[in-house]
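The values are calculated or read from the model by the stated rules, or taken from the named source; none is laboratory data. The structure presented is a predicted model; accordingly, all values stated were derived computationally and were not measured. Ideal geometry is used to build each Cβ from the backbone, glycine not excepted, and the neighbour counts take in all protein chains shown. Ligands, DNA and RNA are excluded from the accessible area calculation, which covers all protein heavy atoms including side chains. Shrake-Rupley method; radii C 1.70, N 1.55, O 1.52, S 1.80 Å.
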Amino acid sequence: MTTAPSRSFPSNFLFGAATAAFQIEGAAHEDGRRDSIWDAFCRVPGAVINADNGDVACDHYHLYRDDVALMKDMGLQTYRFSTSWSRVRPDGGALNTQGVDFYKRLVDELLGADILPWLTLYHWDLPQALQEQGGWTNRDTADKFTEYALDLHDALGDRVNVWTTLNEPWCSSFLSYTAGLHAPGHYSVEEGVLAAHHLLLAHGQTVRELRARDESLTLGITLNLTVADPADPDQPADVDAARRIDGQFNRWFLDPVFRGEYPADIVEDIRTVDAAAVAAWEAAVRPGDLEAISTPIDSLGVNYYHGELVGGTAPANPPKPGDAPTDRPGASPFPSHEGIFWHERGLPRTPMNWEVQPEGLTRLLTRVWSEYAQPAGTVLYVTENGAAYDDELVVDGGEPRVHDHERVDFVRDHLSAILDAVDAGADVRGYFYWSLLDNFEWAWGYEKRFGIVRVDYDTQARTVKDSGREYSRIIGARAIEHSAAAIS
Ligand code: GBH
């Protein structure tokens with residue numbers, strides 16, 4: 001048998017893993033932290049499976065030293081984490097120094113381990129006190145966000161160089177204010193479009209302020225992007241369905257950030273289903289907003305999980321609907337979803353019912369590179385990619401092990417897909433597996449495990465899964481071979 005050649009990563013390529021504050025920290029009521037919208041949402045009957053909450057989560061607030069040691073053992077070069085606004089400014093306003101101190105300790109620990117801290121300011125956990133004033137539908141929240149960012153920069157600016165404003169504003173607007181599935185759990189197209197605009201405004205004005213303070217910072221945003229394919233590329237209705245999904249997931253955020261404009265076709269689509277929402281949104285987009293939103297950024301974070309195969313008519317063989325996380329009604333997160341149907345193409349699916357489609361990542365990166373990033377002088381990072389599987393903890397040779405071979409393949413195949421994009425010319429500078437740890441998976445509570453490290457929620461014991469071992473090995477080799485090395 002001949003050995004296929006291995007494929008190497010560019011020397012500037014960073015390997016990391018990602019987490020988010022609410023999903024791992026716990027210590028929900030310690031050292032001055034107050035409720036975020038997710039603490040409140042977890043108390044809504046039926047909102048989160050098993051009525052799980054973030055009170056303890058992975059207890060990372062107390063175990064961060066061990067977790068950083070684990071990252072070091074695994075050879076991670078960078079760690080993407082988010083800061084909790086409710087720890088730093090518990091009611092959205094005044095600073096809580098005890099909260100900031102946690103992030104100083106965490107960052108010092110990372111630097112001591114030679115791991116680059118990659119800080120995200122907002123991963124969905126708005127202080128509940130701000131939600132009570134309208135949350136992201138209220139323009140003031142954008143200003144509060146910038147003040148919070150500047151407070152953190154005062155505290156950490158001397159040791160954190162990479163700052164990401166938002167994680168996935170599509171989720172914190174449409175999934176949260178229109179589909180009701182994420183906190184605060186509202187069902188309004190108008191609130192969704194207002195929230196999206198104010199999130200983008202928060203992003204742009206914060207980039208502007210941070211840049212004015214320190215030109216050397218690496219600044220960016222992370223978006224959840226997708227590849228929408230028409231079920232039949234010869235059917236105009238299918239092509240149109242793909243256009244609308246692409247518009248609502250991708251272009252609604254990429255166009256303002258990179259071009260200073262909203263996609264006109266999607267504005268008109270939404271107007272046909274909710275003219276009042278669009279009128280309210282038009283009034284909310286003030287002169288100067290789009291200039292702020294399109295302030296140049298250094299890096300774009302791409303979160304990619306799966307693509308979409310859509311059509312304009314109902315398929316004969318529709319995909320099996322995903323199990324709903326809860327008994328709470330979910331609406332569509334797409335303001336203009338009429339006449340869009342998801343189709344089945346027989347790809348393997350994870351227990352989230354998400355397709356496994358690595359080649360979609362290649363197409364996404366090359367497209368985003370040529371249409372948006374390259375013209376703007378922005379580089380790309382894959383800031384999240386990962387999968388939940390039904391992991392099993394076994395004892396093997398006296399050692400606890402998780403033989404998660406599907407996740408091993410998932411990581412390898414997506415890293416290969418990134419190398420394909422690099423070969424095609426996209427400047428992709430890094431990969432963060434989602435997630436370092438099994439953690440609180442939002443409406444799915446602790447039921448879905450995405451980690452390359454298993455967490456036992458009774459004992460808080462961590463076990464590096466086979467996928468974590470394989471990822472470490474790849475990081476050490478800075479290459480992937482065509483056939484997986486046996487993991488013993
Ligand atoms: C990420 O978002 C999050 O950043 C992270 O916190 C989370 O733990 C991780 O994923 C795993 O879920 O077309 O309505 O069915 C995931 C982004 C975008 C993936 C929307 C699912 C399907 C939405 N998500 N997508 S829908």
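On average, how much accessible surface per residue is there in the stretch 308-383, in Å², for a 1.4 Å probe, leaving out ligands, DNA and RNA?
On the way: 3440 Å² over 76 residues.
Result: 45 Å² per residue.
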Burial-style ranking of 288-300, 71-83, average other-beta-carbon count within 10 Å with highest first, yields 71-83, 288-300
Placing each pseudo-label 7 Å from Cα in the direction of the beta carbon, S332 and D143 end up separated by a distance in nanometres of 3.7
Plugging the Cβ-Cβ distance of L393 and K104 into 1/(1 + (r/R0)^6) at R0 = 30 Å yields, to the nearest 0.05, a FRET efficiency of 0.30
Label model pair D158, D413: point-to-point distance (7 angstrom along the Cα→beta-carbon line) in nm is 4.8
From DSSP H assignment alone, runs of 4+ in the chain each adding -39500 (n - 2.57), the sum over residues rounded to the nearest 500 puts [θ] at 222 nm at -11000 deg cm²/dmol
Surrounding charge for D274, neighbours by C-beta under 15 angstrom, Lys/Arg +1, Asp/Glu -1, total -4
For the stretch 7-480, the dipole about the Cα centre with charges only on Cβ (Lys and Arg +1, Asp and Glu -1), to the nearest 20 debye, works out at 720
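Output the peptides 117-130, 49-62 sorted from most to least packed, where packing is the average of other Cβ atoms within 10 Å over each peptide's residues. Write out the running numbers ahead of the final one.
On the way: 117-130: 24.1, 49-62: 19.3.
Output ranking for 117-130, 49-62: 117-130, 49-62.
Full-extension gain between R286 and Q235, please, as 0.36 nm times their residue separation minus the C-alpha to C-alpha distance.
14.5 nm
Could you report the stretch 410-477's accessible area per residue, 1.4 Å probe, as an integer in Å²?
27
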Per residue, the convex hull enclosing the alpha carbons of the stretch 7-480 has a volume in Å³ of 138
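Restricting to lysines 8 or more places apart or on different chains, can you count the pairs in the chain with Cα atoms under 19 Å from each other?
So the count of such lysine pairs works out to 4.
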The rounded separation in angstrom of the Cα centers of the stretch 183-225 and the stretch 265-289 is 18
Note to self: with every protein chain in place and a 1.4 Å probe, the stretch 10-132 gives an accessible area per residue in Å² of 32
Burial-style ranking of 338-346, 317-325, average other-beta-carbon count within 10 Å with highest first, yields 338-346, 317-325
Between the modelled labels at E371 and V44 (7 Å from Cα along Cα→Cβ) the distance in nm is 3.2
Residue separation between Q460 and Y187 times 0.36 nm, minus their alpha-carbon distance, gives in nm 94.7 nm
In the chain the accessible area split gives carbon plus sulfur, as whole percent at 1.4 Å, a share of 50
